[in-house]
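None of the figures in this text is laboratory data; all of them are computed from the coordinates on show. Every value quoted in this text rests on a predicted model; they were computed, and no experiment measured them. As a convention, Cβ positions derive from the backbone with ideal geometry for all residues, glycine included, and neighbour counts pool all protein chains shown.
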Amino acid sequence: MNLSIVVPVYNEAENLPLLVDAIHAALDDLPITWEMVFVDDGSKDGSLEALEELAEKNLERMRVVVLRRNFGQTTAIAAGIDHAQGEVIVLLDADMQNDPADIPAMLDKIDQGYDVVSGWRLDRKDTFLTRTLPSRIANGLISWVTGVHLHDYGCTLKAYRREVITGFRLYGEMHRFIPAYANSVGAKITEMPVHHHPRRYGKAKYGLERTLKVILDLLTVKYLMTFANKPIYLFGGAGSILILGSMLTLIYLVVRRLIYPADPEMHLIRSPLLLMAMMLFTMGFQSILLGLIAELLARTYHESQHKPTYTVRRVIHAAAFTPGVQPEYAHPSATSPAPQIER
Ligand code: UDP
Ligand code: MG
């Protein structure tokens with residue numbers, strides 16, 4: 001097995017030497033090839049110098065990606081994944097709250113055939129009101145909306161098979177949705193309790209405001225997971241319902257008028273419902289048009305990046321043909337690195 005440990009770093013100078021030691025302690029005796037990819041996310045506290053020093057001592061194991069400014073944890077993770085070469089990628093925080101000693105057990109799960117092993121901080125050591133509680137609510141919400149049932153999306157310590165996470169880009173606070181994305185491409189996912197320690201050095205970079213971002217991201221993820229291929233189903237569906245509402249309101253008004261032809265109060269133009277019917281119609285029509293534009297965008301999205309609308313686990317090959325020929329449409333992200341050929 002080839003393993004890459006990806007660590008985003010923002011102002012964690014004191015933690016870094018401890019972390020590298022802990023990673024060594026956890027992995028040195030395993031029969032695997034491994035590397036560490038540290039991403040310096042514009043630190044201002046000497047983390048970069050600490051990383052340079054550590055890289056000197058760990059020449060063959062350590063890669064340091066230095067970003068030009070602070071981009072945020074998710075982007076730092078994305079940069080790390082882009083520079084990682086392992087077939088298994090483990091994400092880890094630099095603050096020593098996650099424990100590298102949990103990694104070997106996670107790798108066992110990967111060996112058992114899982115594509116994603118999600119760490120779960122069963123006994124979380126963060127402030128309850130601003131971190132643990134909102135995170136619990138967010139976890140419940142994410143698990144309900146995405147249909148991927150995990151207890152702890154926010155825990156960075158997770159292990160992934162490379163091919164389930166390299167086919168998409170990470171935006172905003174999205175790294176917590178990697179398991180949901182992996183699920184949508186058919187990954188086998190499991191969960192494992194991991195240790196969690198209070199922060200000893202450095203400061204936590206996030207507070208309550210993160211929860212709002214997470215909820216907005218969840219909306220995006222749900223949309224992308226369910227409708228990215230067929231946006232017209234969402235917009236067209238909503239538009240049809242609005243137009244139906246408009247029609248029903250109109251019919252009601254006309255029927256009422258016919259039943260009471262002499263009553264001036266029943267005049268169509270006197271009822272606020274007429275205005276409502278017209279509004280519903282306009283909104284419904286707009287929504288359908290929006291859906292058509294979104295359909296164009298969906299096509300641009302997939303076709304400009306040669307992103308197929310499906311993911312292949314493997315191709316079973318007929319003996320008469322040359323094995324290993326890449327079909328024209330195959331994008332590296334859509335298949336396993338080398339499609340396995342079975343006869
Ligand atoms: N981090 C980062 N860029 C940022 C903020 C944080 O790379 O802009 C890193 C940070 O160094 C740590 C990880 O992301 O390794 C998680 O940060 P933190 O511990 O503050 O978050 P929490 O564990 O409280 O969610
Ligand atoms: Mg932390």
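Figures for the structure shown
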item	result
Rounded to the nearest 20 debye, dipole of region 23-66 from Cβ charges on Lys, Arg, Asp, Glu	100
Cα centre as origin, Lys/Arg/Asp/Glu Cβ charges: region 36-176 dipole, Debye	520
Computed FRET value (nearest 0.05) for residue 300 with residue 169, which takes r as the C-beta separation and R₀ as 22 Å	0.90
Charge dipole (debye, nearest 20) of region 143-199; +1 at Cβ of Lys and Arg, -1 at Cβ of Asp and Glu	160
Charge-dipole axis of the chain as Lys and Arg at +1 and Asp and Glu at -1 on Cβ define it, positive-most pick from 135, 157, 98	135
Antiparallel bridges, percent of DSSP beta bridges restricted to region 24-182 (to nearest 5)	60
Reduced Cα scattering model of region 148-244, Debye log10 I(q)/I(0), q = 0.10, 0.11, 0.14, 0.23 Å⁻¹	-0.39, -0.46, -0.69, -1.32
Where only C-alpha atoms are counted, convex hull volume of the chain per residue in Å³	195
Centre separation in Å (Cα based) which lies between region 239-254 and region 59-125	53
Cα-based radius of gyration of region 36-179 once divided by 2.2 N^0.38 Å, which approximates compact folds	1.08
Ranking of 223, 153, 181 by count of other Cβ atoms within 10 Å, fewest first	223, 181, 153
23 Å Cα cut-off, lysine pairs counted over the chain (separation 8 or more, or different chains)	22
Whole-Å semi-axes of the ellipsoid equivalent to region 180-333 (Cα gyration tensor, √5λ, descending)	50, 29, 13
